[in-house]
Amino acid sequence: MKKALRLALLAGLIGIFAGCGDQAKDTKQAENKTWTIKFAHVVSSGTPKGKAADLFAKRAEELSGGKIKVEVFPSAQLVDDDKVFQELKRNNIQMAAPSFSKFTPIVKEFNLWDVPFLFRDETHLHHVMDGEVGQILKDKISQKGFIALDYWDAGFKQFSTNKKPIVLPEDAKGQKIRIMSSRVLEEQIKAIGANPQIINFGEVYSALQTGVVDGAENPLSNLYNSKFYEVQKSITMSNHGYLGYLVIASEKFWEELPQDMKDVVKQALDEATIYEREESQKEEKNLFENLEKYAQETGKLTIYTLDDAQKEQWKEVMQAIYPKFYDLISKDLIEQTIQTQ
């Protein structure tokens with residue numbers, strides 16, 4: 001009887017020590033675990049977005065002590081923005097930064113960013129992004145099964161044309177203006193008496209060159225890097241609309257990430273967001289100076305900048321069409337954006 005009891009006690013002790021060993025092993029494995037993030041985007045690594053993605057990768061690895069490895073795939077090397085959502089759903093990629101236009105089919109309220117002359121300036125824009133309106137839109141993206149993180153800049157849009165310079169709204173009358181597919185942008189172009197033409201971005205240069213379209217609207221980065229200025233006679237620094245990106249993550253990946261690693265990702269992304277916006281401002285300044293130099297040296301391009309009186313004329317025309325977007329975006333969201341300080 002005593003021998004049996006001793007054997008039972010010994011077996012129990014062995015089980016306890018074995019359990020302790022398993023627990024120590026599990027703890028060690030958790031401590032040594034690493035996470036790989038595939039970050040896909042469609043622009044070159046030398047752009048503000050590309051450089052910010054690289055900075056995020058560097059800081060995430062540093063802040064996590066090497067536990068997070070970020071592999072950045074620029075220039076649509078892994079996936080383009082038309083397929084990015086399904087790849088995030090499958091967790092084949094873990095992060096991406098699609099342009100706002102890619103979100104409008106899944107969240108109609110994202111058309112807010114296309115509304116013309118809605119943002120007073122860059123400061124107002126960032127207050128909207130980083131405030132209540134920006135969070136409302138992020139929440140709507142999250143409801144679709146993605147983790148919405150930070151907004152990045154592409155820049156304000158400018159008009160360019162081969163025909164009469166578009167300085168006042170009536171100057172656009174009868175001109176064929178290339179736009180992205182967007183109900184808001186169509187109404188914007190119709191409001192100034194022009195004809196909206198939806199053309200894929202890769203075909204815009206030849207369309208401008210051959211006269212299929214007369215003009216376009218682009219941030220300076222698109223206008224300069226795609227050399228649209230070579231086939232346009234004028235550029236108007238109108239800042240009438242805006243293009244941007246939203247950094248998002250795979251919901252499956254995010255749910256599996258421990259809280260301390262989520263905090264690392266958020267901190268690294270906060271730093272990258274500040275950097276991206278600063279780089280975007282610097283790039284726009286440099287590109288404008290390059291365009292001015294080209295205009296002076298060749299005499300083939302004229303650049304116009306709207307004064308306050310001209311801006312007011314544009315606002316009057318554009319604000320008159322805002323009610324057309326109430327069913328799409330909501331009156332409250334548009335008014336809340338206008339009232340944001």
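The values are calculated or read from the model by the stated rules, or taken from the named source; none is laboratory data. Predicted model only: the values in this text are computed from it and were never measured. Ideal geometry is used to build each Cβ from the backbone, glycine not excepted, and the neighbour counts take in all protein chains shown. Surface accessibility is based on the protein's heavy atoms, side chains included, excluding ligands, DNA and RNA. Shrake-Rupley method; radii C 1.70, N 1.55, O 1.52, S 1.80 Å.
Say we look at segment 260-293 and pick out the residues that are surrounded by fewer than 16 Cβ atoms within 10 Å (Cβ to Cβ) and not charged (D, E, K, R); which of these is farthest from Lys157 (Cα to Cα)?
So the first thing to find is which residues in segment 260-293 are surrounded by fewer than 16 Cβ atoms within 10 Å (Cβ to Cβ), and the list is 260, 262-263, 266-267, 270, 274, 278, 281-282, 285-286, 289-290, 292-293.
From what's left, not charged (D, E, K, R): 267, 274, 281, 286, 290.
Values: Gln267: 30, Ile274: 21, Gln281: 13, Asn286: 16, Asn290: 17 Å.
It comes out as Gln267.
Out of Gln232, Gln188, I need the residue that is touching a His at 6+ places or on another chain (Cβ under 9 Å) and open to solvent by less than 10 Å² (accessible area, probe 1.4 Å). Which one?
On the way: Gln232 fails: touching a His at 6+ places or on another chain (Cβ under 9 Å).
Matching residue, one of Gln232, Gln188: Gln188.
How many residues does segment 309-329 contain that are touching a residue at least 24 places away in the same chain (Cβ under 8 Å), open to solvent by 40 Å² or more (accessible area, probe 1.4 Å) and over 13 Å from Ser238 (Cβ atoms)?
3
I need the full set of residues from segment 330-341 which are open to solvent by less than 60 Å² (accessible area, probe 1.4 Å) and either within 19 Å of Lys157 (Cβ to Cβ) or part of a helix (DSSP H, G or I) (or both), in order please. Give the steps one after another, and end with the answer.
Here is the first cut: in segment 330-341, the residues open to solvent by less than 60 Å² (accessible area, probe 1.4 Å) are 330, 333-334, 336-337, 340.
Hits for segment 330-341 are Leu333, Ile334, Gln336, Thr337.
So Leu257 passes all but one of these: (1) under 24 Å from the mean Cα position of the chain (by Cα); (2) open to solvent by 80 Å² or more (accessible area, probe 1.4 Å). Which condition number does it fail?
(2)
State whether the residues of segment 62-75 include one that is part of a helix (DSSP H, G or I), modelled with pLDDT of 95 or more and not polar (S, T, N, Q).
Step one: filter segment 62-75 for residues part of a helix (DSSP H, G or I), giving 62-63.
Checking which are modelled with pLDDT of 95 or more leaves us with 62-63.
After this cut, where a residue has to be not polar (S, T, N, Q) as well, the list is 62-63.
Yes.
In this structure, does Ser221 turn out to be outside any strand (DSSP E or B), touching a strand residue (DSSP E or B) at 6+ places or on another chain (Cβ under 9 Å), in contact (Cβ under 8 Å) with a residue 24 or more places away in the chain and open to solvent by 40 Å² or more (accessible area, probe 1.4 Å)?
Working: outside any strand (DSSP E or B): yes; touching a strand residue (DSSP E or B) at 6+ places or on another chain (Cβ under 9 Å): yes; in contact (Cβ under 8 Å) with a residue 24 or more places away in the chain: yes; open to solvent by 40 Å² or more (accessible area, probe 1.4 Å): no.
Taking the combined requirement at face value, the residue does not satisfy it.
Tell me whether segment 82-91 contains one or more residues that are in a loop (DSSP other than H, G, I, E, B), over 22 Å from Ile179 (Cβ atoms), within 17 Å of the chain's Cα centre (by Cα) and free of Cβ contacts under 8 Å to residues at least 24 places away in the same chain. Even if it seems obvious, please write down each step before you answer.
Of segment 82-91, the ones in a loop (DSSP other than H, G, I, E, B) are 82-83, 90-91.
Next, from what is left, pick out any that are over 22 Å from Ile179 (Cβ atoms): 83, 90-91.
Applying the additional criterion that residues be within 17 Å of the chain's Cα centre (by Cα) yields 83.
Remaining after also requiring free of Cβ contacts under 8 Å to residues at least 24 places away in the same chain: 83.
Checked segment 82-91: at least one residue is in a loop (DSSP other than H, G, I, E, B), over 22 Å from Ile179 (Cβ atoms), within 17 Å of the chain's Cα centre (by Cα) and free of Cβ contacts under 8 Å to residues at least 24 places away in the same chain.
Residues that are touching a strand residue (DSSP E or B) at 6+ places or on another chain (Cβ under 6 Å), without any contact (Cβ under 8 Å) to a residue 24 or more places away in the chain and under 25 Å from Trp314 (Cα atoms): list the strands (runs of 3 or more DSSP E) wholly contained in segment 117-206 that include at least 1 such residues.
On the way: elements: 146-161, 176-179, 195-198.
The qualifying strands (runs of 3 or more DSSP E) are 195-198.
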